[in-house]
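Notes follow once the structure below has been shown.
Readers should treat all values here as calculations from the given coordinates under stated rules, not as data from a laboratory. Not measured: the values here are computed from a predicted model. As a convention, Cβ positions derive from the backbone with ideal geometry for all residues, glycine included, and neighbour counts pool all protein chains shown.
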Amino acid sequence: MSHSNSRKKSTVLSFFEKKAAGEKISMLTAYDHFIARLLDGCKIDAILVGDSAANVIHGFDTTLPISMDIMIAHTAAVSRGTSYALVIGDMPFLSFQPSIETAINNAGRFLKEGLAQAVKIEGGIEMVATIKRLIECGIPVMGHIGMTPQSINNLGGPKIQGRQASSKAYLLESALALEEAGCFGCVLELLQADIAKKITSACKTMPTIGIGAGVDCDGQILVTNDMLGLHEEGFKPKFLREYANLTPVIVEAVKKYISDVNEGLFPNEDESYGAAKR
Ligand code: KIV
C-alpha cells in the first residue's frame, strides 16, 4: 500500500488544508448515482446528499418528512458513483436531535450502509455535545447554521439570518463552538454577507461553506437541480446562479419523442432489430 502524499481522494483533511492555504472549496448536492458520477468526474471537492432530496426528489414542501432509510438509499447510490469527492450524508429531521445514542446509531448508518465519509448536522452550539461524541466515534461532522431548514417552523420561513445583534452573536458563538468541537466544515445558509465574512475570519481552522451567504465564505454549495435550472417555474432566490437551464431542453426532447411516437417516426429501421441471421 502506498503512503505517498499525492492525494487521490478529497477527504476531511483536504478541507482543513484548503482553508489553511486560502483555497476555495466547491460543493454540490447529489441524490443519485449518475449525477454523482458527473460531479465526481468534474473533481468537485465534496458531494452533499442533502435532505433537500425531500423537496427536490420526493416533492415535499419541507425537508422534515424524509426518513433515514430513504436518505441511506440515496447516499449509497451517490457513494457508488464517487471515487474522488468526499461524500457527506445529511442527517434528517429527528435522526440526531432526540439523544446522542440515536445520533451515533443513525450517523453510523451513513458510513456503514451509505458508504459516506462524513455527516452533516443542522444546529449551532446546542449540538456540540452530540457532535463531539460523533467525532470521538470516528464520524466526521460538518455543521450547518443560519437558516436551518429543519427548524423552518421555529424560524417562520426561509428568512435571512444574522440581522439582529442577538442572532449575529448566536451565529458567531455557534461557529466557534463547532470549530472547537472538531467540525471539518460548516454550512452557512442564508446569512447576511457581513456576518458570514466575520464568522469565516473568526474561524481559524474550520472552513465555512456558504449558500446565500456571500463570497467571503471559504467555499460554496448549491443544490445541483437548482443550478441546472431543474426546478419549479418562478423559483429564483437572489443567491441562486443558474449555470444551465435544462427544463426547456427536457420539455422539448419529451415533446419531440411523443410526436415521433404518435407519427410512427420512432423507432426507425436503424433503431430496430432485424431477423436473426443463421
Ligand atoms: O439539504 C441540502 O441540500 C442542504 C444544502 C442546501 C446545504 O442542506
Dipole magnitude (debye, nearest 20) for region 181-278, charges at Cβ of Lys, Arg, Asp, Glu: 420
For the chain: span of alpha carbons on each principal axis (Å, largest first): 73, 51, 37
Cβ-based exposure ranking for 200, 247, in which fewest neighbours within 10 Å come first: 247, 200
Theoretical FRET efficiency, 1/(1+(r/R0)^6), r = Cβ-Cβ of residue 129 and residue 8, R0 51 Å, to 0.05: 0.90
Radius of gyration and maximum dimension Dmax of region 30-119, Cα, Å: 12.5, 38
Extension gain (nm, one decimal) between residue 194 and residue 216, 0.36 nm per residue minus Cα-Cα: 7.1 nm
Partner aspartates and glutamates for residue 197 [C-alpha distance under 13 Å; skip if fewer than 8 residues away on the same chain]: 189, 216, 218
Residue 38-residue 275 FRET efficiency (beta carbon distance; Förster radius 35 Å; 0.05 resolution): 0.35
Residues of type aspartates and glutamates that residue 168 reaches as a straight line, Cα spacing below 12 Å, ignoring anything fewer than 8 places off in the same chain: 194
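So, with +1 on the Cβ of K and R and -1 on the Cβ of D and E, and no other charges, what is the size of the charge dipole of the chain about its Cα centre, to the nearest 20 debye? Write out the running numbers ahead of the final one.
On the way: 27 positive and 31 negative charges, 156 e Å.
For the chain, the charge dipole is close to 740 debye.
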Considering only the chain, percent of DSSP beta bridges that pair antiparallel, nearest 5: 5
Dipole of the chain, positive direction: furthest Cα of 31, 135, 267, with charges on the beta-carbon: 135
Selection of GluC sites (Glu not before Pro), region 183-256, meeting DSSP coil and at most 10 other Cβ within 10 Å: 232, 233
Fully extended contour minus Cα-Cα distance, from residue 169 to residue 255, at 0.36 nm per residue: 25.7 nm
Inter-centroid distance (Cα atoms) of region 5-57 relative to region 58-79, Å: 18
Candidate lysines - alpha carbon under 18 Å from residue 236, same-chain residues fewer than 8 apart omitted: 159
